[in-house]
């Protein structure tokens, strides 16, 4: 469940981030409409954008990193509705590629500077850890089926065992009350018939016990299969963080371009910017690492330190080409879990850091899968050993009963 929750969120993460990126570009065009006349391919390469399209009010593409698409018209109805509706946005369901597990995701927002839309698109790979989850789903279903079957067979075994115990008690009574002064043959015959009935119980027990041994072997094999699926599992925690890194670096670079072009960088305007784009936090520092602009109340004047959570970002001041990404972690200020990414400012020497709330995930669920597979295999082996022991005991009792019947027949 833990792994499924994480891996199923990949598509949602991609969609949300593409929408943030589209809105950031919308703000850039609002502050600097001439950006649309720049080289789209160069712009996308510098920022790290895979694919983007900016249209006019008729849906005709004006600005893109795919030169062959420039001048063509967007044809997807859901996207055209964004063109016709100010403040509209849309995230389309991912489409699968014919090759491998590659997915294609599209998100779009309406332009602010004039009618039109801004579309961002990206491919992402379905996490390979999903294969292990799917495999474990099959194993879980089969394990449950075997467990239910074992329960039904065990009820039959219990019923036969009860009858066997009653018959043994009856035979014990006959044996204890055996009187050699009375008709010995009649008493022996009665004991012999009782033992024959007891052997029927033994026979009726051996069949379901054999079935239980077979189920135990299958359960053990499921444990082996589970081990194989565990080997297929990847470190989905790292996959998740890599995905966030890719998109948040793009957003940090776009945010740096927005800040560069903002005529009014007041607290109120930064708050409005983050509310519109969906970026949770912005921290823009001067050349000393002291915050000049942020959407956090009371955050202005906060100084980044060379140690602690902000320490890694100070490297940007020494080398503007440095990009810093941090995995989700508890924030020093209030303990909330956030992920931060930082790049250099474009307008002056300083840091442009963005942060978004995130979730903490454990290490690869391969560890959990491996533990479960061991337990399934151990359960199968234990069940097999116990059932085999019972089966051998019943066979031994049946053999003794047969010997007793033969002895009584000669009496």
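Within the range 291-329, the residues that satisfy the criterion of being at positive phi and part of a loop (DSSP other than H, G, I, E, B) are 298, 301. Is it the case that the range 346-366 has a residue that's assigned to a helix (DSSP H, G or I) and modelled with pLDDT under 90? Scanning the range 346-366, I find at least one residue that is assigned to a helix (DSSP H, G or I) and modelled with pLDDT under 90, so the answer is yes.
Is the range 333-340 home to any residue that is touching a helix residue (DSSP H, G or I) at 6+ places or on another chain (Cβ under 7 Å) and modelled with pLDDT of 80 or more? Break it down into steps so the answer makes sense when it comes.
Our first condition is that a residue be touching a helix residue (DSSP H, G or I) at 6+ places or on another chain (Cβ under 7 Å); within the range 333-340, this holds for 339.
Keeping just the survivors that are modelled with pLDDT of 80 or more gives 339.
Yes, because at least one residue in the range 333-340 is touching a helix residue (DSSP H, G or I) at 6+ places or on another chain (Cβ under 7 Å) and modelled with pLDDT of 80 or more.
In this structure, is residue 88 crowded, with 16+ Cβ neighbours inside 10 Å and either within 25 Å of residue 280 (Cβ to Cβ) or at pLDDT below 95 (or both)? Answer is no for this residue.
The set of residues in the range 31-52 being touching a strand residue (DSSP E or B) at 6+ places or on another chain (Cβ under 7 Å), in a helix (DSSP H, G or I) and in contact (Cβ under 8 Å) with a residue 24 or more places away in the chain consists of 36, 40.
Is it true that some residue in the range 65-75 is outside any helix (DSSP H, G or I), buried (at least 16 other Cβ atoms within 10 Å of the Cβ) and touching a helix residue (DSSP H, G or I) at 6+ places or on another chain (Cβ under 9 Å)?
Initial filter on the range 65-75 (outside any helix (DSSP H, G or I)): 65-66, 70-75.
Restricting the remaining residues to those that are buried (at least 16 other Cβ atoms within 10 Å of the Cβ) gives 65, 74.
Okay, now just the ones that are also touching a helix residue (DSSP H, G or I) at 6+ places or on another chain (Cβ under 9 Å), so 65, 74.
Looking through the range 65-75, at least one residue is outside any helix (DSSP H, G or I), buried (at least 16 other Cβ atoms within 10 Å of the Cβ) and touching a helix residue (DSSP H, G or I) at 6+ places or on another chain (Cβ under 9 Å).
Note on the range 308-339: residues that are touching a residue at least 40 places away in the same chain (Cβ under 8 Å) and within 23 Å of the chain's Cα centre (by Cα) total 5.
From 213, 259, 184, 249, which residue is more than 30 Å from the chain's Cα centre (by Cα) and at pLDDT 85 or above? Testing whether each residue is more than 30 Å from the chain's Cα centre (by Cα) and at pLDDT 85 or above leaves just 259. Tell me, yes or no, whether the range 286-307 has at least one residue that is touching a residue at least 60 places away in the same chain (Cβ under 8 Å), touching a helix residue (DSSP H, G or I) at 6+ places or on another chain (Cβ under 6 Å), outside the structural domain of residue 108 (by TED's automatic domain parsing) and surrounded by 16 or more Cβ atoms within 10 Å (Cβ to Cβ). So far as the range 286-307 goes, yes, one or more of its residues are touching a residue at least 60 places away in the same chain (Cβ under 8 Å), touching a helix residue (DSSP H, G or I) at 6+ places or on another chain (Cβ under 6 Å), outside the structural domain of residue 108 (by TED's automatic domain parsing) and surrounded by 16 or more Cβ atoms within 10 Å (Cβ to Cβ).
Please specify each residue of the range 76-91 satisfying the condition of being in a loop (DSSP other than H, G, I, E, B) and touching a helix residue (DSSP H, G or I) at 6+ places or on another chain (Cβ under 9 Å). Walk me through how you get there before you give the answer.
In the first step, residues of the range 76-91 are kept if they are in a loop (DSSP other than H, G, I, E, B); the result is 76, 85-88.
Across the range 76-91, the qualifying residue is only 88.
Within the range 189-204, residues that are not assigned by TED's automatic domain parsing to the domain that holds residue 169 have Cβ atoms under 6 Å from residues that are loosely packed, with under 14 Cβ neighbours inside 10 Å and at pLDDT below 75 in no pair, counting only partners at least 6 apart in sequence or on another chain.
Is there a residue in the range 1-10 that is within 24 Å of residue 323 (Cα to Cα), touching a strand residue (DSSP E or B) at 6+ places or on another chain (Cβ under 6 Å) and touching a residue at least 24 places away in the same chain (Cβ under 8 Å)?
Going residue by residue through the range 1-10, those that are within 24 Å of residue 323 (Cα to Cα) are 10.
Okay, now just the ones that are also touching a strand residue (DSSP E or B) at 6+ places or on another chain (Cβ under 6 Å), so none.
Looking through the range 1-10, none of the residues is within 24 Å of residue 323 (Cα to Cα), touching a strand residue (DSSP E or B) at 6+ places or on another chain (Cβ under 6 Å) and touching a residue at least 24 places away in the same chain (Cβ under 8 Å).
Is it the case that residue 270 is at pLDDT below 95 and more than 24 Å from residue 242 (Cβ to Cβ)?
Working: at pLDDT below 95: no; more than 24 Å from residue 242 (Cβ to Cβ): yes.
Answer is no for this residue.
The values are calculated or read from the model by the stated rules, or taken from the named source; none is laboratory data. All values reported here derive from a predicted model rather than from experimental measurement. Ideal geometry is used to build each Cβ from the backbone, glycine not excepted, and the neighbour counts take in all protein chains shown.
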